[in-house]
Amino acid sequence: MIPYKADEFRCVGKHISIGKNQFSEKGIRLSAHTAQVTVEGKLKFGSLLPLKYDIMGPFALVPFMECRHRVWSMGHLVNGTVSINGEKYLFKNARGYWEGDRGVSFPKKYIWTQCCFPGGSLMLAVADIPIMGIHFTGIIGVVIWMEREYRFATYLGARAERIQNKKVCIVQGNLELEARLIKAFSHPLKAPSQGDMVRTIHESAACRAFYRFRKKGRTIFSFQTDKASFEFEYPSCVS
């Protein structure tokens, strides 16, 4: 984790700069140097794969929400190299994913996961949402499978059937999505709390997880992978 001062952050549309690091829809340029780590690199993105409409749906218009989520691309090609302390990593026709959060606080309890896999990609976020004095379990998620978009959302009737032991099962009509964290490789990450970056969460950017997607009781896909991303900020046993 490399800290930066607030005045080193700039955001104009989809172009973000943090110090000498540049992030945009065309790619990433990295240049970060501390006593412990040196990172240099350049990654070029192919065409982005946006959603049909805002993942927040009608909640994008609701005021006073503590956090708003955006998904910019569910999958795009990534080519280039990144060097970390002299060790080079080559990206050749790799798969990329791009999303973002904006707000004053991360949810007190939440689950987030994302994965690109042969034939598609997915993302899912389940969180405790406080708004205007009430709390509810908010759900947003998307499965891209064989070029078709399947969306899970509270505003579409999705509900969390189970949240327990690092596993979440979401049901919406005849669709069901299960995600389970098998083995975390987490790293600390700063997150906002009431507008200040004082909370520490733990994100596994590359870890082992299991996913299953069902439609009308039939399994569309089911697999285990070590190329998942996962955050599980819920109590260890929640039903």
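Please enumerate the residues belonging to the range 25-47 that are touching a His at 6+ places or on another chain (Cβ under 8 Å) and hydroxyl-bearing (S, T, Y). The one that is touching a His at 6+ places or on another chain (Cβ under 8 Å) and hydroxyl-bearing (S, T, Y): S47.
Condition test on K88, is it more than 19 Å from F223 (Cα to Cα) and under 17 Å from the mean Cα position of the chain (by Cα)?
So K88 fails the test.
Working only within the range 13-41, note down all residues that are surrounded by 15 or more Cβ atoms within 10 Å (Cβ to Cβ) and basic (K, R). Across the range 13-41, the qualifying residue is only R29. As a summary of the residue check, R148 satisfies the conditions (1) open to solvent by 80 Å² or more (accessible area, probe 1.4 Å); (2) at pLDDT below 95; (3) not small (G, A, S) except for the one numbered (2). Selection of the range 185-221 for residues being open to solvent by less than 70 Å² (accessible area, probe 1.4 Å), assigned to a strand (DSSP E or B) and closer than 17 Å to K166 by Cβ yields I201, E203, S204, A205, A206, C207, A209, F210, Y211.
The values are calculated or read from the model by the stated rules, or taken from the named source; none is laboratory data. Because the structure is predicted, anything quoted here is derived from the model rather than measured. Heads up, the Cβs are rebuilt from the backbone with ideal geometry, glycines too, and the neighbour counts pull from every protein chain shown. What goes into the accessible areas is simple: the full protein's heavy atoms, side chains included, and nothing from ligands, DNA or RNA. Shrake-Rupley method; radii C 1.70, N 1.55, O 1.52, S 1.80 Å.
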